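Single-structure report; data block below.
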Amino acid sequence: MVVAEPPLTVLVVEDNPNDAMLIRRHLEGTDSAFLPSEVALHHEETLDAGLDRLASAPIDLLLLDLGLPDSEGAETFERIRDRTADVPVVVLTNLRDEETAVGLLQRGAQDYLNKGDLSERELVKSVRYALERQRQKQELQRTTEQLEVLTRILRHDIRNDVQVVQGWSEKLATEVDPEHQSDLRKIIETSGHIRELTENTGKFLDVFTGADDPETERVRVDRVLGEELEKADTTHTAATFEAAEQFSPASAQANELLSSVFRNLLNNAAQHGGDDPTVETDLTVREEVVCVTIRDDGPGVPDDQKDEVFGKGEYGLASDGTGIGLYLVNTLVEGFGGDARVEDRRNGHDGARFVVELPQA
């Protein structure tokens, strides 16, 4: 049995009465299976009147002319975008400007139609596709919110259990025979790694469910790097961390998550170094770029895995040898407008050289 769709309410903001009449005829007179049998169309001639209509009555879809008496061009869409988060917008214009079209689609418009070529079939199909894309977007948003709640609960429970394991392990450290001390230390370190993974998962959640472009500010890279070096030296007692006693002052465009970038790279270098790992760290400024290098003395990274190790390319998190920590590094650094990569160590030394370049503030 076919279930009848509820009536569709469309708002047309268009100052040309002939264009508005043509749109009404196309939508209210169609018998296309793309649309419900009943379409209710409201028409306003100015942007302000359209905004008032949106605020006073439920609207399923907005057809928006860019050239209105009280607004012109892309500004028209910008003014209405924040008021129509749950309403799909199809832009109408007489301009043949594909660059403008792409820009509006990137800002959230569902489609871009030229009124000079507008046919019933094209308009009806565009309306249907816009409605379906909006529905899928809302379903994805609901799923993301549910996953966010689930992830926070899991992180909380895992973190509590890990603290219990670490607490009992530290208590046993004074009672276990010397021959088993190394095994106990591995348990403690592994518990710390589990805690680190839950923290990184939380940071991923904050990055991916936040704004498209993360907010950045002036951050003292030398201070953040120095603090993370001190933490790494305390955490990885078997590793040796070599760096300048005091880095030269350097500021970059980033945010508080920059500490996670350095923490993951330092942990990675300590975990993948030699038997007695040595980690070298440098900070330089050149050509308006703040560059941080972290070198280890491990086996290095083969050339065919240098992109995959950060989760770059088609393989993403499924890449061989890619950890969530390094994937987070790449995601954050790209969000700051910088670049992260891995190179061979210079002068024939074994190991890998991780490079982070950030825009200087």
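The values are calculated or read from the model by the stated rules, or taken from the named source; none is laboratory data. This is a predicted model, so every value here is computed, not measured. Glycine gets a Cβ as well: all are built from the backbone with ideal geometry, and neighbour counts include every protein chain shown. Accessible surface areas use protein heavy atoms only, side chains included; no ligands, DNA or RNA. Shrake-Rupley method; radii C 1.70, N 1.55, O 1.52, S 1.80 Å.
If Lys and Arg each add +1 and Asp and Glu each add -1, what is the summed charge of the other residues whose beta carbon sits under 10 Å from the beta carbon of Asp70?
-3
Arranged from highest to lowest average of other beta-carbon atoms within 10 Å per residue, in what order do the peptides 168-174, 354-360, 104-110, 301-307 appear?
Per-residue mean Cβ counts within 10 Å order the peptides as 354-360, 104-110, 301-307, 168-174.
Which percent of the accessible heavy-atom area of the range 1-157 goes to carbon and sulfur, probe 1.4 angstrom?
Carbon plus sulfur share of accessible area: 50 percent.
Determine the equivalent ellipsoid of the chain by diagonalising the alpha-carbon gyration tensor, then write out the semi-axes as square roots of 5 times the eigenvalues, largest first, rounded to whole Å.
They are 55, 25, 17 Å, listed largest first.
What does the net charge come to around Gln141 if you take all other residues with beta carbon closer than 12 Å to its beta carbon, with K and R at +1 and D and E at -1?
-1
All other residues with a Cβ under 14 Å from the Cβ of Arg218 taken together, and with Lys, Arg as +1 and Asp, Glu as -1, what is their net charge?
-3
Which order, highest average first, do 265-272, 111-118, 28-35 follow once you tally other Cβ atoms within 10 Å for each residue and take the mean per peptide?
Per-residue Cβ counts within 10 Å, averaged per peptide and sorted highest first, yield 265-272, 111-118, 28-35.
GNM, the chain, Cα, under 10 Å: largest mean-square fluctuation among Gln246, Gln141, Gln166?
Gln246
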